[in-house]
Structures are given as structure tokens and as C-alpha cells.
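The values are calculated or read from the model by the stated rules, or taken from the named source; none is laboratory data. Note that the coordinates shown come from a computational prediction; the quantities given were computed from them, not determined experimentally. Positions of Cβ are backbone-derived with ideal geometry, glycine not excepted, and every protein chain shown enters the neighbour counts.
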Amino acid sequence: DAEITQSPRHKITETGRQVTLACHQTWNHNNMFWYRQDLGHGLRLIHYSYGVHDTNKGEVSDGYSVSRSNTEDLPLTLESAASSQTSVYFCASSESFQQDTQYFGPGTRLTVL
Amino acid sequence: GDSVTQMEGPVTLSEEACLTINCTYTATGYPSLFWYVQYPGEGLQLLLKATKADDKGSNKGFEATYRKETTSFHLEKGSVQVSDSAVYFCALNNQGGKLIFGQGTELSVKP
């Protein structure tokens, strides 16, 4: 069965370190998204991609970057981790635009000390 | 810009009670509307969706009707179970496939 996976599931790091969160999907979807989930804010969009070599900034992109070198993967990098980036991160993918369902990964809980 | 507002939680109900979680939205154009559910420790999964005005989405006993005149998409279930305890998110998809979420409503169902 097709799926979307994230790794690691839990990560503790220190302020100032670079961190990369992995996202891999086997749906063969063109669209991929990264969200962060914080209490009281729901999910907020960080970055998204419509295809290989395409990346776009979302609502809360400062301090984050992504790259898309193939269809299956969209890694999220925190260039210099800050305590404000402690959150749960979700990756999602979808086949097409407006009407289509997004499929979510299980999430990565990141703690920045 | 586009936005989604949900009723605040937590909502605590007894088993077999009726559930309504209110959701209203602000959007230009004609968004698609979604309810996602998040069980403890898991990612989000689609519960139901509606893509145009007056459409009714339904799944697992839950229903929601796309009301353009009141810009609402309220989630309803006639008889909740303990297994329905989760966080419920209303969302819209209007521009380029990006989802805009409400803040989530936690539901706790007691036996």
C-alpha cells in the first residue's frame, strides 16, 4: 500500500544546530507540504512543492528550507534551530489541487533545548 | 486572507450523545471544505469533504453540509462513541492546493 513516512519520529536537539526532518511518500504525488502543529494554532504551512525542483514558502517559512530532488522526498531543514521551533511537524502529499485530499505522515516531534 | 474558525474545546460528552462542532470560514472564490481527525499520537486523516455549495460529506456516522450562505461547515454526529475521542480540524482548500486549518477542537467521550 502507498504511504507517507517521516523520520525521525522524535528528535531532541540544541539551539543553533542544523536539523533535517525526512519525508518520503510512495503515492507518486506531485504536491508535498510541510506543516507545524502548535497548541492553539492548528496546523500552519511552512513550505510546499508542486513538483521536482519546485519549492514555495508558506505562512511560517522563516528559519526553514526545503529541496525537492525527486518525486518521493521533501526534506525539511532547520538551518539553525531555535527554541521557538519546538513543535510537531507533519508532512503531507496530494495528487492535484483544489479538490484533492492531502495524505499526512505520522509526524515528527522536535524539541529544541 | 482566507481563514477558518472552529468552536473552542475541549468538548466532553457522554457516550451516545449528539455532537456538533461549529466551523465557519472566510474565503474568496469557491473553496473545498474538509474535516480531518487526529487520534492520539497519530497524524491527520481525512474524515469527510465537500467540494461545492450544498454538498454533504459523510463518513463513519459523521456529516457536514457546505453552506455557502452562512459560510459554515459544521460537523455533526447523532450518537458518539468513546472511540470518537480525538482532535477534529476543519480546513479549506482554495488556492493551489494549500490547506488552511482551524485551531482544532478536542473531543472527549466518556463511557
| request: Working only within the stretch A:18-42, note down all residues that are closer than 16 Å to A:Arg109 by Cα and either among the basic types (Lys, Arg) or part of a strand (DSSP E or B) (or both). | output: A:Val19, A:Thr20, A:Leu21, A:Ala22, A:Cys23, A:Trp34, A:Tyr35, A:Arg36, A:Gln37, A:Asp38, A:Gly42
| said: With the requirement that a residue be of a type outside the set (Phe, Trp, Tyr) and either at the interface with chain B (Cβ under 8 Å from one of its Cβ atoms) or assigned to a loop (DSSP other than H, G, I, E, B) (or both), what does the stretch A:93-113 give you? | reply: A:Ser94, A:Glu95, A:Ser96, A:Gln98, A:Gln99, A:Asp100, A:Thr101, A:Gln102, A:Gly105, A:Pro106, A:Gly107, A:Leu113
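If we scan the stretch B:58-71, do we find a residue that is more than 29 Å from A:Glu59 (Cα to Cα), surrounded by fewer than 18 Cβ atoms within 10 Å (Cβ to Cβ), within 14 Å of chain A (Cβ to nearest Cβ) and in contact with a strand residue (DSSP E or B) (Cβ under 7 Å, 6 or more places away or on another chain)? So that I can check it myself, show each step before the final result.
In the first step, residues of the stretch B:58-71 are kept if they are more than 29 Å from A:Glu59 (Cα to Cα); the result is B:58-63.
Those left that are additionally surrounded by fewer than 18 Cβ atoms within 10 Å (Cβ to Cβ): B:58-61, B:63.
Now restrict to residues that are within 14 Å of chain A (Cβ to nearest Cβ): B:59.
Within this subset, residues satisfying the condition of being in contact with a strand residue (DSSP E or B) (Cβ under 7 Å, 6 or more places away or on another chain) are B:59.
Taking every residue of the stretch B:58-71 in turn, at least one turns out to be more than 29 Å from A:Glu59 (Cα to Cα), surrounded by fewer than 18 Cβ atoms within 10 Å (Cβ to Cβ), within 14 Å of chain A (Cβ to nearest Cβ) and in contact with a strand residue (DSSP E or B) (Cβ under 7 Å, 6 or more places away or on another chain).
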| Conditions: (1) assigned to a strand (DSSP E or B); (2) under 13 Å from the mean Cα position of the chain (by Cα). B:Ser108 meets all but one. Number of the miss? | (2)
| field | Top-ranked residue of the stretch B:27-39 - restricted to ones that are buried (at least 20 other Cβ atoms within 10 Å of the Cβ) and more than 9 Å from every other protein chain (Cβ to nearest Cβ), ranked as farthest from B:Gly1 (Cα to Cα) | value | B:Val37
| A:Asp54 vs. criteria within 14 Å of chain B (Cβ to nearest Cβ), surrounded by fewer than 23 Cβ atoms within 10 Å (Cβ to Cβ), over 10 Å from the mean Cα position of the chain (by Cα) and at pLDDT below 95 | no
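Yes/no per residue for (1) within 25 Å of A:Thr15 (Cα to Cα); (2) at pLDDT 95 or above; (3) over 13 Å from the mean Cα position of the chain (by Cα); (4) not hydroxyl-bearing (Ser, Thr, Tyr):
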| position | (1), (2), (3), (4) |
| --- | --- |
| A:Asn30 | no, no, yes, yes |
| A:Leu39 | yes, no, yes, yes |
| A:Pro75 | yes, yes, no, yes |
| A:Pro106 | yes, no, no, yes |
| note | Exception for B:Glu42 within (1) within 12 Å of another protein chain (Cβ to nearest Cβ); (2) farther than 20 Å from A:Phe33 by Cβ; (3) assigned to a loop (DSSP other than H, G, I, E, B); (4) of a type in the set (Asp, Glu) falls at (2)
| field | Qualifying residue in the stretch B:93-103 (condition: surrounded by 13 or more Cβ atoms within 10 Å (Cβ to Cβ), at the interface with chain A (Cβ under 10 Å from one of its Cβ atoms) and free of Cβ contacts under 8 Å to residues at least 12 places away in the same chain) | value | yes
| task | Mind listing whichever residues of the stretch A:23-45 are without any contact (Cβ under 8 Å) to a residue 40 or more places away in the chain, surrounded by 14 or more Cβ atoms within 10 Å (Cβ to Cβ) and of a type in the set (A, V, I, L, M, F, W, C)? | result | A:Leu45
| The one condition in (1) within 14 Å of chain B (Cβ to nearest Cβ); (2) touching a Leu at 6+ places or on another chain (Cβ under 9 Å); (3) part of a loop (DSSP other than H, G, I, E, B); (4) small (Gly, Ala, Ser) that A:Ala81 fails to fulfil | (1)
